[in-house]
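The values are calculated or read from the model by the stated rules, or taken from the named source; none is laboratory data. Please read all numbers here as calculations on a predicted model, not as lab measurements. Glycine gets a Cβ as well: all are built from the backbone with ideal geometry, and neighbour counts include every protein chain shown.
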Amino acid sequence: MQGCAFIADQWRPAADGQTIDMICPSDNKVIGAIARSGPVDVDAAVAAAREAFEGVWGRMTAVDRGRILSRIGAGILDHAEELVGLEAADTGKPLKQARADVLACARYFEFYGGSADKLHGETLPFLNGYQVMVLREPRGVTGHIIPWNYPLQMFGRTIGGSLAAGNATVLKPAEDACLSVLRVAEIAAGCGLPAGALNIVPGLGVEAGAALTGHGGIDYVSFTGSAAVGILVQQAAAKHHTPCALELGGKSPQIIFADADLDAVLPVVANAIVQNAGQTCSAGSRALIHRDIYDKAMTGLAERIGNLKVGSHDMDLDCGPVINRTQKQRVEGFLTRAAESRIRVAAEGSIDASTPVEGFYVKPTLFEAVPAAHELAQEEVFGPVLAALTFKNEAEAIAIGNGVAYGLVAGVWTENGGRQLRMAKALRVGQVFINGYGAGGGIELPFGGVKKSGHGREKGFEGLRDFTISKTVVINHG
Ligand code: NAD
């Protein structure tokens, strides 16, 4: 498995034998190696997927496909602690977060295993003497690219949905973290997934990723990652008119009205930015607080953020390191520029004294009274950095909430039923949570963005349908 791609159920080194070291962000030490796959390896993976789609996997009944996926879910749970260890060391996330991710990955396979035989088309009324059927068919061979922040969750959601719909898949996981995903491929093969239904070509985005998204043998691209790379992916796919779904970044607001129950709100708001060290597409990175409760809410938030402890994955504290040196420098750049703009720090967490100095640690930071146009309130920091802003009424909350380029998730905190509905309708995002927050779970809930957060949906039945395409059959029976 080390240093290899997974193609047609076999572990194969890259055609040119190159590998990439995998680094643990907690201490900057090498913990393994993956293949540095290139176009030749991607060709082999796409050919293996095509063979599976036209062969054993493509001919399998939906019931049998579902059974295999359910077994994969159980197999993941059987190996849960091993996967927790791999995921935590590879990404730096605290063990408790990695444990939640393993369970979510298993849930995707359970959910999609159970849904494989519930996908159906429809019949339509038409002219007299005609029968119309709209079939739902798999797209064929699907290409998947995922990021490093939640390797197992991203794998489960995109591969689980696509396999349930009957596609054969080729996955290019992230070069910064994918050891857990490679191990799940082995588990899946042991659960009876036929050769070629799942192929994994680890490697760099500009090499294996570009080769996959621009490949003429792919029928659909599912990309999860940054908005900037999303543009490159669409350009590459356009060469062959390949449709794409893009799950991109966010700058999600937590909108707290004066009637909100702050005891319930503040722990959730703090957790939504510190979870996974803020490296979550749906991180609640803007706290929009009504001016009547701003001081009280900020006192409570500052206390929570100030008490947060950062440490290595195995210390299992509130927050781990960020993924690598580049990401640490990027987050620190935001902190430096905020100081230059004289934006005040309301609270900072602390890095535990026994944390390895070689790791990539950043203190969770709460900024107060951030102007809505400042980059802290506009850009995705992808670190544990929360920008607090204030608003005077519902209209202003909507204007600030929608006043960013992204539109992924929003949280709204109010006891007023009419306002709950008005806000849910007015916010231009893919998911709205009222008096709660959390997109990480919610396997059943359609998820995806608008604007710069992307298009297409994953999760739930809607995600499953996106991995299919309709075919209309019109029969003139006289
Ligand atoms: P990234 O865009 O740099 O990389 C994502 C993946 O794309 C990696 O596997 C990478 O190797 C690959 N890639 C890079 N260049 C490529 C190219 N030219 N062609 C094809 N593939 C290429 O993103 P990242 O830094 O790994 O992840 C963080 C981003 O992902 C954030 O913006 C985050 O919000 C987003 N994200 C979104 C969701 C969602 O569901 N909306 C979920 C998780 C992460």
| request: Tell me which residues, restricted to segment 93-132, are among the basic types (Lys, Arg) and under 22 Å from Gly311 (Cβ atoms). | output: Lys93, Lys96, Arg99
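Condition first: of a type in the set (A, V, I, L, M, F, W, C) and in a helix (DSSP H, G or I). Now tell me which residues in segment 58-69 satisfy that.
Of segment 58-69, the ones of a type in the set (A, V, I, L, M, F, W, C) are 60, 62-63, 68-69.
Of everything in segment 58-69, those that are of a type in the set (A, V, I, L, M, F, W, C) and in a helix (DSSP H, G or I) turn out to be Ala62, Val63, Ile68, Leu69.
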| request: Would you mind telling me which numbered condition in (1) touching a residue at least 24 places away in the same chain (Cβ under 8 Å); (2) surrounded by fewer than 23 Cβ atoms within 10 Å (Cβ to Cβ); (3) assigned to a helix (DSSP H, G or I); (4) out of contact with any strand residue (DSSP E or B) (no Cβ under 8 Å at 6 or more places or on another chain) Met298 fails? | output: (4)
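Being within 19 Å of the chain's Cα centre (by Cα), charged (D, E, K, R) and either buried (at least 24 other Cβ atoms within 10 Å of the Cβ) or not assigned by TED's automatic domain parsing to the domain that holds Tyr361 (or both) is true for just one of Glu247, Glu207. Which residue is that?
Working: Glu207 fails: within 19 Å of the chain's Cα centre (by Cα).
So the residue among Glu247, Glu207 that is within 19 Å of the chain's Cα centre (by Cα), charged (D, E, K, R) and either buried (at least 24 other Cβ atoms within 10 Å of the Cβ) or not assigned by TED's automatic domain parsing to the domain that holds Tyr361 (or both) is Glu247.
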| Residues located in segment 1-41, provided they are free of Cβ contacts under 8 Å to residues at least 40 places away in the same chain, on the phi > 0 side of the Ramachandran plot and within 25 Å of the chain's Cα centre (by Cα) | Gly3
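Going by the structure shown, is Phe367 among the aromatic types (Phe, Trp, Tyr), more than 16 Å from the ligand (Cβ to nearest atom) and not assigned by TED's automatic domain parsing to the domain that holds Val84? Explain how you work it out, then say what you get.
On the way: among the aromatic types (Phe, Trp, Tyr): yes; more than 16 Å from the ligand (Cβ to nearest atom): yes; not assigned by TED's automatic domain parsing to the domain that holds Val84: yes.
Here the answer is yes, as Phe367 does meet what is asked.
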| Failed criterion for Ile72 (all others in (1) part of a strand (DSSP E or B); (2) touching a helix residue (DSSP H, G or I) at 6+ places or on another chain (Cβ under 6 Å) hold) | (1)
| Looking at this structure, is Thr91 buried (at least 20 other Cβ atoms within 10 Å of the Cβ) and more than 30 Å from Asp318 (Cα to Cα)? | no
| Name the pairs: first residue in segment 267-295 and over 27 Å from Asn324 (Cα atoms) and crowded, with 24+ Cβ neighbours inside 10 Å, second residue modelled with pLDDT of 95 or more and β-branched (Val, Ile, Thr), Cβ to Cβ under 9 Å, at least 6 apart or on different chains? | Leu288/Ile255; Leu288/Ile256; Leu288/Thr390; Leu288/Ile400; Ile289/Ile255; Ile289/Ile256; Ile289/Thr390
| message | Among the residues that make up segment 436-451, is at least one of them out of contact with any Pro (no Cβ under 8 Å at 6 or more places or on another chain), without any contact (Cβ under 8 Å) to a residue 12 or more places away in the chain and outside the structural domain of Pro243 (by TED's automatic domain parsing)? | response | no
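Can you tell me which of Val357, Val362, Val331 is over 30 Å from Ala395 (Cβ atoms), assigned by TED's automatic domain parsing to the domain that holds Gly403 and not in a loop (DSSP other than H, G, I, E, B)? So that I can check it myself, show each step before the final result.
On the way: Val357 fails: not in a loop (DSSP other than H, G, I, E, B); Val362 fails: not in a loop (DSSP other than H, G, I, E, B).
The conditions single out Val331.
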| remark: Requiring at least 3 residues that are aromatic (Phe, Trp, Tyr), the helices (runs of 4 or more DSSP H) wholly within segment 77-172 are 95-115
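I'd like to check which helices (runs of 4 or more DSSP H) are fully inside segment 205-288 and have at least 1 residues that are more than 9 Å from the ligand (Cβ to nearest atom).
Values: elements: 210-213, 227-238, 262-274.
Hits in segment 205-288: 227-238, 262-274.
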| message | I'm trying to understand the selection: among the residues of segment 63-97, which are touching a Leu at 6+ places or on another chain (Cβ under 7 Å) and among the small types (Gly, Ala, Ser)? | response | Ala88
| query | Considering segment 384-395 alone, what residues qualify as being surrounded by 15 or more Cβ atoms within 10 Å (Cβ to Cβ) and in contact with a Lys or Arg (Cβ under 9 Å, 6 or more places away or on another chain)? | reply | Pro384, Leu386, Ala387, Ala388, Leu389, Thr390, Phe391, Glu394
| request: Could you grab me the full set of residues in segment 30-48 that are aliphatic (A, V, I, L, M), in a helix (DSSP H, G or I) and out of contact with any Phe, Trp or Tyr (no Cβ under 9 Å at 6 or more places or on another chain)? | output: Val40, Val42, Ala44, Val46, Ala47, Ala48
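Residue by residue, here is whether (1) within 29 Å of Val42 (Cβ to Cβ); (2) among the acidic types (Asp, Glu); (3) not assigned by TED's automatic domain parsing to the domain that holds Ile323 holds:
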position	(1), (2), (3)
Arg107	no, no, yes
Gly113	yes, no, yes
Glu122	no, yes, yes
Leu127	no, no, yes
Tyr130	no, no, yes
| query | What are the residues in segment 157-181 that are small (Gly, Ala, Ser), under 23 Å from Glu54 (Cα atoms) and within 16 Å of the ligand (Cβ to nearest atom), if any? | reply | Gly160, Gly161, Ser162
| said: I need every pair where a residue in segment 187-205 that is within 14 Å of Ile72 (Cα to Cα) has its Cβ under 6 Å from the Cβ of a residue that is outside any strand (DSSP E or B) and among the charged types (D, E, K, R), sequence separation at least 6 or different chains. | reply: Ala189/Asp9; Cys191/Arg71
| Failed criterion for Asp101 (all others in (1) surrounded by fewer than 22 Cβ atoms within 10 Å (Cβ to Cβ); (2) among the acidic types (Asp, Glu); (3) touching a residue at least 40 places away in the same chain (Cβ under 8 Å) hold) | (1)
| said: So Ile398 ticks every box in (1) crowded, with 18+ Cβ neighbours inside 10 Å; (2) under 27 Å from Phe111 (Cβ atoms); (3) away from the ligand (no atom under 16 Å from the Cβ); (4) among the aliphatic types (A, V, I, L, M) but one. Which box is left unticked? | reply: (2)
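Quick one: which residue in Leu182, Leu212, Leu193 is surrounded by 22 or more Cβ atoms within 10 Å (Cβ to Cβ) and either over 21 Å from the mean Cα position of the chain (by Cα) or hydroxyl-bearing (Ser, Thr, Tyr) (or both)? Write out each step before concluding.
On the way: Leu182 fails: either over 21 Å from the mean Cα position of the chain (by Cα) or hydroxyl-bearing (Ser, Thr, Tyr) (or both); Leu212 fails: either over 21 Å from the mean Cα position of the chain (by Cα) or hydroxyl-bearing (Ser, Thr, Tyr) (or both).
Testing whether each residue is surrounded by 22 or more Cβ atoms within 10 Å (Cβ to Cβ) and either over 21 Å from the mean Cα position of the chain (by Cα) or hydroxyl-bearing (Ser, Thr, Tyr) (or both) leaves just Leu193.
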